Amino acid sequence: MLNKLEVQALFSLYKCPQLVDSFLELVKLAKKRRPVSPVVNGDPTRYTSYAGLEEGATGVETASLLVPHGLSQTAGTAEAIMRTGEEEYTEDEIQERLEQRLERQSVLHRKSNPLKLWMVIPQAVLEDLPGPPEVQREQLQHFVELAKLPHVDIQVLAKGTGVHRASHGPFTIMTFPIPGDSGLVYVETLIKGLFFEEADEIMRYKRIMDHLRARAKSQEQSTRLMKQLWKELQ
């Protein structure tokens, strides 16, 4: 693992030096295999360390088994999720969270070293997206546009594929530009966001992610399916 000076250099490179201390504290907690601080109101964009990690990561692989991953949500989808969740937000809080969510997505559009995103999402999720039809259409179109980016892969887990190894729920794997570092896994629960950094834990999730990729449609097939679902909402 890199020392503090090396971490400072990396975070300066990614233009977020203010997040060094929170990153190091998170790594310390993860190595102890204890839950980190709760995600505020269940929204990971409100958790500074998570946002900083995502910004400093080189890759994110995610099984989005319930709703689209935050990096892929349109403003309409994000707002619909916030308005139907357990927490009740004021209009100001909703706008604040929407701004944070959209700013978080800037990592996919960096001119230098954009984040590599690989998402597997069930067809059933695409057919029951949050919000009214116009929001659902916009989200499907956004998926299609994202999939055109060379550093983004979106695969759809089609109906009829049977029980898969991620039946325990959604998860996200992050990798970083740190030699010898195996990355981490993030799992969000209703109460807390949990980080796992032990090599054997990460490997288990990577095997599950590989299993999902193998079971899912190819990106080309997935894009065709998303376009078809978009047309059906016309």
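Points to keep in mind about this one:
- Within the set E201, E197, the sole residue that is in contact with a Leu (Cβ under 6 Å, 6 or more places away or on another chain), in contact (Cβ under 8 Å) with a residue 12 or more places away in the chain and either closer than 23 Å to E54 by Cβ or open to solvent by less than 30 Å² (accessible area, probe 1.4 Å) (or both) turns out to be E197.
- Helices (runs of 4 or more DSSP H) fully within region 132-234 counting 1 or more residues that are in contact with a helix residue (DSSP H, G or I) (Cβ under 9 Å, 6 or more places away or on another chain): 133-147, 219-232
- Extreme residue, modelled with the lowest pLDDT, among residues of region 68-107 that are within 18 Å of G131 (Cβ to Cβ), not in a helix (DSSP H, G or I) and not aromatic (F, W, Y): E86
- Any hit, region 223-232, residues being more than 23 Å from A57 (Cβ to Cβ), open to solvent by less than 40 Å² (accessible area, probe 1.4 Å) and of a type in the set (S, T, N, Q): yes
- Test: residue in region 108-117 that is part of a helix (DSSP H, G or I) and either buried (at least 19 other Cβ atoms within 10 Å of the Cβ) or touching a residue at least 12 places away in the same chain (Cβ under 8 Å) (or both): yes
- Breaking point among (1) open to solvent by less than 10 Å² (accessible area, probe 1.4 Å); (2) small (G, A, S); (3) at positive phi, for G180: (1)
- Among all residues of region 158-173, there is at least one that is in contact (Cβ under 8 Å) with a residue 24 or more places away in the chain, touching a His at 6+ places or on another chain (Cβ under 6 Å) and more than 26 Å from S106 (Cα to Cα).
The values are calculated or read from the model by the stated rules, or taken from the named source; none is laboratory data. Treat the numbers as computed from the prediction; the structure is a model and nothing was measured. Note that each Cβ is placed from the backbone with ideal geometry, even for glycine, and that neighbours are counted across all protein chains shown. Side chains are part of the model used for accessible areas, which takes the heavy atoms of the whole protein and leaves out ligands, DNA and RNA. Shrake-Rupley method; radii C 1.70, N 1.55, O 1.52, S 1.80 Å.
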